[in-house]
Amino acid sequence: MGNKPAKQEREEIFLKVVPPLDRAYVRWLARDLERIHGFTPANPRAVKPPDHYIEYMRLNGWLDVDLSDPDLAHLFK
């Protein structure tokens, strides 16, 4: 029941080598990603869930908003 010898740690150096990239491609890719992720629709349409979802939510008390309320009708068009 003696002490176990400590494991010898090997010194390893990992290098990450990146192949050379075309600067024009990198600029195009950065601009394209910015355009995609910065996109917001100008006039998003409301989505009405299926009737059985609405009924299920109403039965469980998850739906506190009446979707047929005339004051809220402009939000669901």
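Every number in this text was worked out from the coordinates using simple rules, so none of it is lab data. This one's a predicted model, so the numbers in the text were calculated from it and none came from an experiment. Neighbour counts are summed over all protein chains in view; Cβ atoms, including those assigned to glycine, are modelled from backbone coordinates with ideal geometry.
In terms of surrounding Cβ atoms within a 10 Å radius of their Cβ, Leu33, Leu67, Leu15 rank from fewest to most as Leu15, Leu33, Leu67. Annotation note: chymotrypsin sites (Phe, Trp or Tyr not before Pro) in the chain located in DSSP loop regions with a Cβ neighbour count of at most 16 within 10 Å are Phe14, Phe39, Trp62, Phe76.
Which GluC sites (Glu not before Pro) does region 7-69 hold that lie in a coil by DSSP with at most 12 other beta carbons within 10 Å?
Values: sites: Glu9, Glu11, Glu12, Glu34, Glu55; in loops: Glu9, Glu11, Glu12.
Within region 7-69, the qualifying GluC sites (Glu not before Pro) (loop, at most 12 other Cβ atoms within 10 Å) are Glu9, Glu11, Glu12.
Compute the projected area of the convex hull of the Cα atoms of the chain, averaged over all viewing directions, and report it in nm² to one decimal place. Walk me through the numbers on the way to the answer.
Working: hull surface 65.4 nm².
Dividing the Cα hull surface by four gives the mean projection, 16.4 nm².
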